[in-house]
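So the structure is just underneath, and the comments pick up after that.
Each value in this text was obtained by applying a stated rule to the coordinates, not by laboratory testing. Given the structure is predicted, the values throughout are model-derived calculations rather than measurements. We place every Cβ from the backbone using ideal geometry, glycine too, and count neighbours over all the protein chains shown.
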Amino acid sequence: MTNPPLKSFSVKKLKTRKCYVEDLAIGMYVADVDCGWLNTPFMLQGFKLEFQQQIDELKKYCIYVHIEVQEDVVIPLELGPEDSALDRKDSAYKASLSAEEEHEQARAIYEQGRATTKSILEGAAKGHAIDLPSAKEAVNFCVESILRNPDALLWMSKIRDRDEYTAEHCLSVSILAIAFGRHLRLTEEELYTIGIAGLLHDVGKMRVPSAILNKPGKLTDKEFRAISTHVVHGRNLLQQTPEIPKEVIDAAHAHHERMDGAGYPRHLSGEDISDYAKIVSIVDCYDAITSNRCYSDARPITEAMKILYENRGKQFDESLTLEFIQFIGLYPPGSIVELENGMIGIVLAKNKGAQHLPKIIRVRDENKQPCPLKALDLTDIPRGTLDPGYFIKHIHTDGSFDVHIKDYRAGSMSF
């Protein structure tokens, strides 16, 4: 398998300017508010104004906002001399199946991938060689599913068991990295490579004492130094694995480096950090924040987006971070959402061009009680065929209102 290096990709360079709420118009993109996002009912990373109702709501909380102006910029990612497909405008992937059509296949792929990942990590803990063929097979199935439709497997990545955190985290980082790579228009070969890098990025943790790895409280300085060695252990384990791509080894070794040089283990900075490591670093942080861990509960997606945004250019590559925020969007698949009418739903799929109006499955009624499942396309609201009470009010973590992603199957739902 060849692995053409990443070279460049086109991103939207964001500029902002101040705009008083009286001057807002449909079509503008609100990037920030004067009173702070946490003091408003809106999502943290901003939104496009598509309805007068949004402008009226902003007037209740704000005097002025900052709106975005975008321009296309080609970002160089120089890992080698060859050209990659990233800068080709005709290389965008198109879904061949709907999210609901892909769901049953995605569930089987996820369950098998979880078993494979657990087996690989358990083998590493016992001193066995990395089972690269099994890792490649699991990643190949993930890539194929994500190319058909990324939303189904992204939903599956929300299925979690706190006691299986490390294995599920590794698989989810792989899925997120592949889906993000699809968004970046990476070639299929690059998607396979970033998928394996995500799957094996934390394999070195299997050489860290489990008492430290699973400690529910704050780590001491000595314990933090011990857990920080996982990147070196990971590099060493992977270097002993025949035919493993060098990008995978590097991502395991460098995914805790920082753009400002304050990371570990080598204090690399800026362009000394490979692009695969930069991607895994962003995805790793996002998944960790939004998951239940032995020492902390999952935090809302909005909080994860805020942390990533505030650390762009310092901990994370700025351009890739902004792209990742655009990729995740307002309501990623698998999100638990509360509607204005009090009902609870699970996001099934995004709607292109209307991320604030996804497809959802209603699972709780106005009183937060179980009710017959119903598929809803929220783009029917502006069409006038669905009541405005179905606008999304809040986003919640898995388990809220006793709604758990693992309990639902969407393959039989139709819109």
Practice problem: May I ask for the angle, rounded to the nearest 10°, between helix 188-200 and the longest principal axis of the chain, with both axes built from Cα atoms and the value confined to 0 to 90°? | Solution: 70
Quiz item: If R0 is 30 Å, what FRET efficiency do you get for Lys48 and Glu137 from their C-beta distance, rounded to 0.05?
Solution: 0.15
Quiz item: Among all stretches of the chain without exposed GluC sites (Glu not before Pro) (DSSP loop, at most 12 other Cβ atoms within 10 Å), which one is longest?
Solution: 83-242
Exercise. Mind scanning Lys15/Lys352; Lys15/Lys393; Lys136/Lys352 and naming the pairs with a C-alpha gap bigger than 26 Å?
Key: Lys15/Lys393; Lys136/Lys352
Quiz prompt | Gain upon complete extension [Lys215, Val232; 0.36 nm per residue less C-alpha separation] | solution = 4.0 nm
Quiz item: What residues from the stretch 347-368 fall in the zone where the backbone N is under 11 Å from a label point 7 Å along the Cα-to-C-beta line of Glu144?
Solution: none
Quiz prompt | Low-density loop positions, trypsin sites (Lys or Arg not before Pro), the stretch 321-415 - DSSP coil, at most 14 other Cβ in 10 Å | solution = Lys352, Arg409
Quiz item: Please state the relative contact order of the chain as a whole percent: Cα pairs under 8 Å, 6+ residues apart?
Solution: 15
Quiz item: Given 20 Å bins starting at zero, what is the percent of C-alpha pairs of the chain in each, up to the one with the largest pair distance?
Solution: 26, 58, 16, 0
Self-check item: Cα gyration tensor category, rounded, prolate or oblate, for the stretch 99-328 with a/c compared to 1.5
Solution: rounded
Quiz item: How are the Cα pair distances of the stretch 336-407 distributed, in percent, across 10 Å bins from 0?
Solution: 22, 58, 19, 1
Quiz prompt | Over the stretch 171-282, equivalent-ellipsoid semi-axes from the Cα gyration tensor in Å | solution = 24, 16, 14
Exercise. Take the alpha carbon atoms of the stretch 254-268, find their center, do the same for the stretch 230-244, and report the distance between the two centers in whole angstrom.
Key: 18
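Note down the magnitude of the dipole of the stretch 172-228 about its Cα centre, charges +1 on Lys and Arg C-beta and -1 on Asp and Glu C-beta and zero elsewhere, to the nearest 20 debye.
340
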Quiz item: Do any of Lys218/Lys306; Lys218/Lys368; Lys246/Lys406; Lys222/Lys246; Lys126/Lys246; Lys48/Lys368 go past 28 Å between their Cα atoms, and which?
Solution: Lys218/Lys368; Lys246/Lys406; Lys222/Lys246; Lys48/Lys368
Quiz prompt | Cβ charges +1 (Lys, Arg) and -1 (Asp, Glu), total dipole of the chain, debye | solution = 640
Practice problem: First select every other residue whose beta carbon is under 10 angstrom from the beta carbon of Asp387; then total the charges, Lys and Arg +1, Asp and Glu -1. | Solution: -2
Exercise. Filter the trypsin sites (Lys or Arg not before Pro) in the stretch 206-303 down to the DSSP loop ones having no more than 12 other Cβ atoms within 10 Å, then list what survives.
Key: Lys218
Quiz prompt | Net +/- balance of residues flanking His267 in space, Cβ distance below 9 Å, scoring K and R +1, D and E -1 | solution = +1
Quiz item: Treating the beta-carbon of each Lys and Arg as +1 and of each Asp and Glu as -1, no other charges, what is the dipole magnitude of the stretch 336-407 about its Cα centre, to the nearest 20 debye?
Solution: 260
Quiz item: Based solely on its DSSP helices, what 222 nm [θ] is calculated for the chain when runs of n ≥ 4 H residues each add -39,500 (n - 2.57) and the sum is averaged over all residues, nearest 500 deg cm²/dmol?
Solution: -12000 deg cm²/dmol
